[in-house]
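Reviewing the structure listed below.
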Amino acid sequence: QVQFVESGGGLVQPGGSLRLSCAVSRGWSSLLDWAWYRRAPGKERELVAFITRTYDVNYHDSVKDRFTISRDNSWMTVYLQMNSLKPEDTAVYYCNWGTVQLNAFITGGSWGQGTQVTVSS
């Protein structure tokens, strides 16, 4: 079973940056694909970005050119660098493993606690 925990959230002003981490404590495999999701208040959880085992990436249109997903197989960690943050980025952010099929991310694991990101002045 893959176990992981998200961290790195916080309160940041509009235009600021944060880097989220998804640290895997058990079950890491370089063959897994990974994704970041978010759930804003009153909204459905949405896919923010994913990265495949071959380092192909894909982003939600709303975060393109602002967010960067990456992975470090040696440290068993997946990152989400978030720049130029906007109030509408406020949400709980979650990572999860899965597979990419026909450019769609299929979640494979249970959801963790997530990490809260609040963008406000």
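Things worth noting here:
- Each residue in region 64-73 was checked for being assigned to a loop (DSSP other than H, G, I, E, B) and over 15 Å from Phe4 (Cα atoms), and 3 pass.
- Residues (surrounded by fewer than 14 Cβ atoms within 10 Å (Cβ to Cβ) and either of a type in the set (A, V, I, L, M) or farther than 16 Å from Tyr37 by Cβ (or both)) located in region 87-102: Pro87, Gln101, Leu102
- Residue within region 53-63 that is at pLDDT 95 or above, out of contact with any Gly (no Cβ under 7 Å at 6 or more places or on another chain), assigned to a strand (DSSP E or B) and open to solvent by 60 Å² or more (accessible area, probe 1.4 Å) present: yes
- If you check Ser110, Ser84 for being polar (S, T, N, Q), in contact (Cβ under 8 Å) with a residue 40 or more places away in the chain, part of a loop (DSSP other than H, G, I, E, B) and more than 14 Å from Ser21 (Cβ to Cβ), only one passes: Ser84.
- Put simply, of Gly8, Gly27 the only residue that is more than 27 Å from Leu102 (Cβ to Cβ) and surrounded by 13 or more Cβ atoms within 10 Å (Cβ to Cβ) is Gly8.
- Counting the residues of region 72-86 that are touching a Phe, Trp or Tyr at 6+ places or on another chain (Cβ under 6 Å) and open to solvent by less than 30 Å² (accessible area, probe 1.4 Å) gives 3.
- The residues on offer are Arg71, Arg66, and the sole one that is of a type in the set (D, E, K, R) and closer than 21 Å to Ser120 by Cα is Arg66.
- Residue in region 22-32 that is in a loop (DSSP other than H, G, I, E, B) and modelled with pLDDT of 95 or more present: no
- The conditions of being assigned to a strand (DSSP E or B), of a type in the set (A, V, I, L, M), open to solvent by 40 Å² or more (accessible area, probe 1.4 Å) and closer than 14 Å to Met82 by Cα are not met by Leu47.
- Each residue in region 90-107 was checked for being under 12 Å from the mean Cα position of the chain (by Cα) and either β-branched (Val, Ile, Thr) or not in a strand (DSSP E or B) (or both), and 1 of them qualify.
The values are calculated or read from the model by the stated rules, or taken from the named source; none is laboratory data. This one's a predicted model, so the numbers in the text were calculated from it and none came from an experiment. Cβ: placed from backbone, ideal geometry, glycine included. Neighbour counts: every protein chain shown. Heavy atoms of the whole protein, side chains included, go into the accessibility calculation; ligands, DNA and RNA do not. Shrake-Rupley method; radii C 1.70, N 1.55, O 1.52, S 1.80 Å.
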